[in-house]
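Novice: Okay, here's the structure, questions in a sec.
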Amino acid sequence: MLLRLAYLGVTNAFAVLRLLPMSNRDKDAEILALRHQITVLERQLGKGKARFSPSDRAFLAALLHRLPLPALRRLRLLVRPDTVLRWHRDLAKRRHAASSRPKQPGRPRTVRSVRTLVLRLVRENPNWGYRRLHGELLVLGVKVAASTVWKILKDAGVDPAPDRSSSTWASFLHSQADALLACDFFEAVTLSGARMYVLAVIEHSSRRIRIN
């Protein structure tokens, strides 16, 4: 179709060049002759319809769609003016569909940061399934589908939550060390015999001790 449309454009461009040296009288005579030939063709067709190829429709739609509807209705055409406008709408739809079609088929790839976050959450919370992970992502403002979370886990070789080993106390402390504090309240007696009450707090991640 594109090759045929290009051929029509080139041939009609040469036709326009041929019209330049012609006088208005000669052009009017040619127009009347063409209109009469269309009348003869319509009489021969009778109730039949002239068949236009897709390239013919595209060329006529591009050529005539800018004309006002009253002027378009005055033209001697083998089809109705509304048909020409419909051809132009179809041409615009196909052009928009072609420009909107994604260059690569299928869903777009998941952002790397989302994949990293999902794997970090499942590493720190091995008992969470993909639906729990999906819910936590929504809380964090990350909008992805639950099926996307499942695919990330599957591609990373992470087993479903029931098949993973249960979390131990040591692994829990290791995964949550940044957010955990251990505290103890005890009594101490100084060399002078004064009694003091001490609250000691230790940070699990850094092992830093704070005494109040």
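Novice: With respect to Arg95, is the statement that it is surrounded by fewer than 16 Cβ atoms within 10 Å (Cβ to Cβ), at negative phi and at pLDDT 80 or above true? Show your work before the answer.
Specialist: Details: surrounded by fewer than 16 Cβ atoms within 10 Å (Cβ to Cβ): yes; at negative phi: yes; at pLDDT 80 or above: no.
No; evaluated as a whole, the condition is false for this residue.
Novice: Are any residues in the range 185-199 assigned to a loop (DSSP other than H, G, I, E, B), open to solvent by 100 Å² or more (accessible area, probe 1.4 Å) and of a type in the set (A, V, I, L, M, F, W, C), and if so, which ones?
Specialist: Result: Leu191, single match.
Rundown of residues vs (1) under 20 Å from Arg120 (Cβ atoms); (2) modelled with pLDDT under 85; (3) out of contact with any helix residue (DSSP H, G or I) (no Cβ under 6 Å at 6 or more places or on another chain), yes/no style:
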position: Ala146; (1), (2), (3): yes, no, no
position: Asp155; (1), (2), (3): yes, no, yes
position: Pro160; (1), (2), (3): yes, yes, yes
position: His174; (1), (2), (3): yes, yes, yes
position: Asp178; (1), (2), (3): yes, yes, yes
position: Leu181; (1), (2), (3): no, yes, yes
position: Glu187; (1), (2), (3): no, no, yes
position: Leu199; (1), (2), (3): no, no, yes
position: Ser205; (1), (2), (3): yes, yes, no
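Novice: Considering the range 126-142 alone, what residues qualify as being out of contact with any helix residue (DSSP H, G or I) (no Cβ under 7 Å at 6 or more places or on another chain), farther than 18 Å from Ser113 by Cβ and either outside any helix (DSSP H, G or I) or open to solvent by less than 70 Å² (accessible area, probe 1.4 Å) (or both)?
Specialist: Pro126, Gly135
The values are calculated or read from the model by the stated rules, or taken from the named source; none is laboratory data. In this text, all values refer to a predicted model and were calculated from it rather than measured experimentally. Cβ: placed from backbone, ideal geometry, glycine included. Neighbour counts: every protein chain shown. Just so you know, the surface numbers come from the protein's heavy atoms only, side chains and all, with ligands and any DNA or RNA stripped out. Shrake-Rupley method; radii C 1.70, N 1.55, O 1.52, S 1.80 Å.
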